[in-house]
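Inspection log for the structure reproduced underneath, given as structure tokens.
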Amino acid sequence: MRCLVLSDIHANLAALEAVLEHARHHHARFDAVWCLGDVVGYGPDPNECVERIRGLTASGEPNICLLGNHDWAVLDERITEAFNDIAAFAVRWTRQALTAENLDYLRTLSPTAQHGDYSLAHASLREPIWEYILTAAIAAENFALMRTTRALVGHTHVPAVFVWDTSAQRARAFALSPGMTLRLNPAHRFILNPGSVGQPRDGDPRAAYTVLDIEAGLWTQYRVEYPIARTQEKMRAQDFPLILVERLAHGY
Ligand code: ZN
């Protein structure tokens, strides 16, 4: 089964369209789309992105779309209060922009899912909505909770691979260069993060996504250029905070 793995689209339609076009061009066919959450928040196109992801995943298994912390905050003002001012602005703007039908769709989502030997969570297994797995030490604590040999997470907006080293009893982190494929050794356990489609934070402003071939055990990282200025113009037109507009060009 070949899966298109997306995360943290954050209402950036130009980035999402570029990813879908690139994926179609290189792979022609997918058996499933797995979206790891945060379809909305930060960006100017929440309805368009929700509708695109709904179209790709609404038929259910094997397609999956998780609930992210921003998606959740849009549904519940009490959650929004935990956000910093800039993120909270984006959440409140998104709440009034979304149609009732798209809000209802977000209400159907869950922050975790499982498919065979793959555990999926927006953020982490320990804290599915909030924890950032940014270091091998945090990954190690999550490996201890894993009931499957593979976990997929988003939330950090940084593509990452963590592998559990059984002999040393510790987790190791490494980065996969764009275009590179990692062979998922069946003897090892992995926590994998595809990075963010709509707001990368690893210093590379290109949209990130991965393709997972489950039977072959292959995880391929991609980065795709997209018209960042198109998204930024829409944000300026809606008086979004400048930092949200500018960060897209820098990938932070
Ligand atoms: Zn996010």
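The values are calculated or read from the model by the stated rules, or taken from the named source; none is laboratory data. Bear in mind the structure is a predicted one, so any value in this text is a computation, not a measurement. Glycine also receives a Cβ, built like all others from the backbone with ideal geometry; neighbour counts cover every protein chain displayed.
Of Ala90, Ala123, which residue is within 14 Å of the ligand (Cβ to nearest atom), surrounded by 22 or more Cβ atoms within 10 Å (Cβ to Cβ) and closer than 30 Å to Leu184 by Cβ?
Criteria check complete, one pass: Ala123.
Could you check region 126-181 and list, in sequence order, the residues that are among the charged types (D, E, K, R) and within 20 Å of the chain's Cα centre (by Cα)?
Residues satisfying the conditions are Arg126, Glu127, Glu131, Arg150.
List pairs: first residue in region 58-74 and in contact (Cβ under 8 Å) with a residue 40 or more places away in the chain, second residue crowded, with 19+ Cβ neighbours inside 10 Å and acidic (Asp, Glu) anywhere in the structure, Cβ distance under 6 angstrom, at least six positions apart or on different chains.
Gly68/Asp38; His70/Asp38
Table: residues versus (1) at pLDDT below 95; (2) in a loop (DSSP other than H, G, I, E, B); (3) among the hydroxyl-bearing types (Ser, Thr, Tyr).
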position: Gly60; (1), (2), (3): yes, yes, no
position: Arg78; (1), (2), (3): yes, no, no
position: Ile86; (1), (2), (3): yes, no, no
position: Thr94; (1), (2), (3): no, no, yes
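Name the single residue that is farthest from the ligand (Cβ to nearest atom) among those in region 6-39 being surrounded by 24 or more Cβ atoms within 10 Å (Cβ to Cβ), of a type in the set (A, V, I, L, M, F, W, C) and under 17 Å from Val153 (Cα atoms).
Per the stated criteria, the residue is Trp34.
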